[in-house]
Structures are given as structure tokens and as C-alpha cells.
Amino acid sequence: MAVWRYESFTLAFRGGSNPNSWVFDWAGDRRRGRRLMPRRPPSAQIFRETPPRYIDPYLRRKPSVPHQVTAFREGNGVRVEISYALPRSRMMSEHDSRVYSIDDGLFLFDRTWNEIASDRRQVNFSWDEPDSATRTRMDSIRTSYLFDRSQLNLDPGTYHLVLEARDPVSHTIATFRDAYTFAYPDTGLIVSDLLLASKIEPRSETQDSHRDLAIDPNPIRTFDADNPVFVYLEVYNLKQNAFGRTDYQITYQ
């Protein structure tokens, strides 16, 4: 017989007359009695017969994130630029302040999910309410998001990229995860990914590389009807003439 004691009551287990049952005596301060209960299978058998089940406690608090991942050749490696838009209505629903802090994490894994790099940081956003003359702009798509961006320099290969941005007030976690293969051959005419931008402005008089441009990515891929559309791209392995010059045209439709 086994006896378990829990403060004010005691459970005493002993074998019953029925081999498929067991009996326990329940002794408490006010009640005493005997109950006949069916025998339960051993815990190891329950574990084998019950499929594993996990319920994500943040499942309803994980909005998807509009994002843009673009790769460009950088020396012998690849420069990866990541931009994403956090939905203000989901992330900031419980905020009263116009300044918000987000716990931001960008994680990089190889093809077998071994972590290669991670970047955890706190990002501060400010949100200014417009005056009454421009209040209608609050309803536009672009002003419904908070934008952030990161850059990684990688060796060519296949990677898993994961973003998690957590609002410590509402406990909402905006996230995305995708697999990418980054590689650029050294021969043949190659065009990089296309980076859709809301604005591109020169930083210097000459534009010899991406460092000479100020680029605001547009991960939501949405423009107002009266706004221009900007696209940034890089072309590799162009043939040069005797003076080291290239000649090319880009057409779009």
C-alpha cells in the first residue's frame, strides 16, 4: 500500500479485488471514503500513444511582417539588405505615448538550423500626430507602419533568416522567417535583386556605388498614386572596352 499525504488529507493506495482496478482511501478533515477507479496505463505507454502537441502561447499575438530581403554582390561575398514594416495597429494598440521601444532580434541560421549570427537590440520609434489639416494621412497605408532595416555580409550559401520584433507593452511579436540562397557567379551578365524604394537621393556628386546613395526601402510595396516609384539594382560582369568603360541600357515596363 502506498500513502500520499497532502497537508489536511491523505491518499492511501492499495490493490483491489478486480485486477483491472485499484482502490484508494481518501481521508480528510471532514470526509472519509473509498472509491473504485479504473486502472490507468503506465506513463510510458501513455507517452507512446499520445502524439506530442505544443500550443504557442503567442500564436494570436504574432502578426506577419511585410518585408523585403535583397542580395547584392560584395567582393567575394554577398551583401544582404533587410527591411521590414511593423504594423502599428497591432504593435502599438496599448501605448499612450508617442515614443515606442521595440525589442528587435534578427537571427541567421544555416540550412540545418545551426545559428550563425544574431543581432538583438532595442529600437526606439517616435510617432507624431498630424495636425487637423493633414489628419487624413493617418489613414494611408504607409503611415500605418513603423519601418526598420538591417544589413548582413555573408558568404554565398543557403540560409534561414528569422526576424522577431516584440512590443514589451502589448507582448505582440511581429515575425517572419524564410529560406534564401545567396550566390553570384563571376562570369556572365548578372543582375542583382531589385530593391523597391520609396526614395533614392544622392549623397555625393558622383554615384559610383550604393554608398553614394541614400535609399529608403519600401517593404510594403505600396505607393500613393502621385508618388514616383524607385528601384535600385546592380549589374555585374559587364564587358569593358579598351578604356575600361561599359555601355548598357535598362528598359522597364
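Overview of values
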read-out	value
Within the range 201-228, tally of residues that are exposed (fewer than 11 other Cβ atoms within 10 Å of the Cβ), within 30 Å of Gly188 (Cβ to Cβ) and acidic (Asp, Glu)	1
Residue pairs meeting the criteria (Cβ under 7 Å; at least 6 apart or on separate chains; first touching a residue at least 12 places away in the same chain (Cβ under 8 Å), in the range 180-197; second among the charged types (D, E, K, R))	Tyr184/Arg73; Ser192/Arg73; Ser192/Glu234; Leu195/Glu81; Leu196/Arg221; Ala197/Asp216
Residues located in the range 198-215, provided they are touching a Lys or Arg at 6+ places or on another chain (Cβ under 8 Å) and without any contact (Cβ under 8 Å) to a residue 40 or more places away in the chain	Arg203, Arg211, Asp212, Leu213, Ala214, Ile215
Subset of the range 190-225 that is hydroxyl-bearing (Ser, Thr, Tyr) and assigned to a loop (DSSP other than H, G, I, E, B) - its residue that is nearest to the chain's Cα centre (by Cα)	Thr222
First in the range 232-249 and under 15 Å from Gly188 (Cβ atoms), second anywhere and of a type in the set (Lys, Arg) and surrounded by 10 or more Cβ atoms within 10 Å (Cβ to Cβ), Cβ under 9 Å, 6 or more apart	Glu234/Arg73; Tyr236/Arg73
Extreme residue, surrounded by the fewest Cβ atoms within 10 Å (Cβ to Cβ), among residues of the range 144-182 that are hydroxyl-bearing (Ser, Thr, Tyr) and assigned to a strand (DSSP E or B)	Thr181
Residue within the range 229-243 that is of a type in the set (Phe, Trp, Tyr), exposed (fewer than 13 other Cβ atoms within 10 Å of the Cβ) and either at pLDDT below 90 or not in a loop (DSSP other than H, G, I, E, B) (or both) present	yes
Evaluation of Arg137 against (1) in contact with a Ser or Thr (Cβ under 7 Å, 6 or more places away or on another chain); (2) charged (D, E, K, R); (3) modelled with pLDDT of 75 or more (one fails), failing number	(3)
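The values are calculated or read from the model by the stated rules, or taken from the named source; none is laboratory data. Here the structure is a predicted model, which means the values were calculated and not measured. Don't worry about glycine lacking a Cβ; one is built from the backbone with ideal geometry, like all the others, and counts go over all protein chains shown.
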